[in-house]
Amino acid sequence: MSAITRAEVAHLARLSRLALRDDELDHLAAQLDQIISAVARVQEVAAEDIPPTSHALPLTNVYRADEVRPSLAPEQALAGAPAAEEQRFRVPRILDEEA
């Protein structure tokens, strides 16, 4: 496998809109080369008969049966709220409209 070049790192930085110094380009080229080599080794080990997994142990969610239970009416839930609007809690705006 060929090593990643300084020019390739500079190209990736430009695409990512990152301003990197010359010493950072050299340092990152070596690091990215190590990462690419590690990924290549993992790909060699991965067998086609082994299904991909996200966890070493199987995960299962514990669900309970849905059942209707008595709950608060909107008026009761909003009774202690400092401000309410259209059967909802009214809270201060935290984001500008541009966000």
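Just one of the numbered conditions (1) open to solvent by 100 Å² or more (accessible area, probe 1.4 Å); (2) outside any loop (DSSP other than H, G, I, E, B); (3) of a type in the set (Gly, Ala, Ser) is not true of ALA56; which one?
For ALA56, the exception is condition (2).
List every residue pair whose Cβ atoms lie under 7 Å apart, where the two residues are 6 or more positions apart in sequence or sit on different chains, the first residue falls within region 87-99 and is within 28 Å of LEU72 (Cα to Cα), and the second residue, located anywhere, is at pLDDT 80 or above and part of a loop (DSSP other than H, G, I, E, B).
Qualifying pairs under 7 Å: PHE89/ALA81; ARG90/ALA83.
Does LEU28 satisfy the criteria of being in contact (Cβ under 8 Å) with a residue 12 or more places away in the chain and of a type outside the set (Lys, Arg)?
It is true that LEU28 is in contact (Cβ under 8 Å) with a residue 12 or more places away in the chain and of a type outside the set (Lys, Arg).
Just need a number here: residues in region 45-88 that are of a type in the set (S, T, N, Q) and within 24 Å of the chain's Cα centre (by Cα).
Selection size over region 45-88: 4.
Of all residues in region 59-99, which are outside any strand (DSSP E or B), hydrophobic (A, V, I, L, M, F, W, C) and modelled with pLDDT of 90 or more?
ALA65, VAL68, LEU72, ALA73, ALA77, LEU78, ALA79, ALA81, ALA83, VAL91
The values are calculated or read from the model by the stated rules, or taken from the named source; none is laboratory data. Model, not experiment: these values are computed from the prediction. Cβ: placed from backbone, ideal geometry, glycine included. Neighbour counts: every protein chain shown. Please note that ligands, DNA and RNA were not included when accessible areas were found on the heavy atoms of the full protein model with its side chains. Shrake-Rupley method; radii C 1.70, N 1.55, O 1.52, S 1.80 Å.
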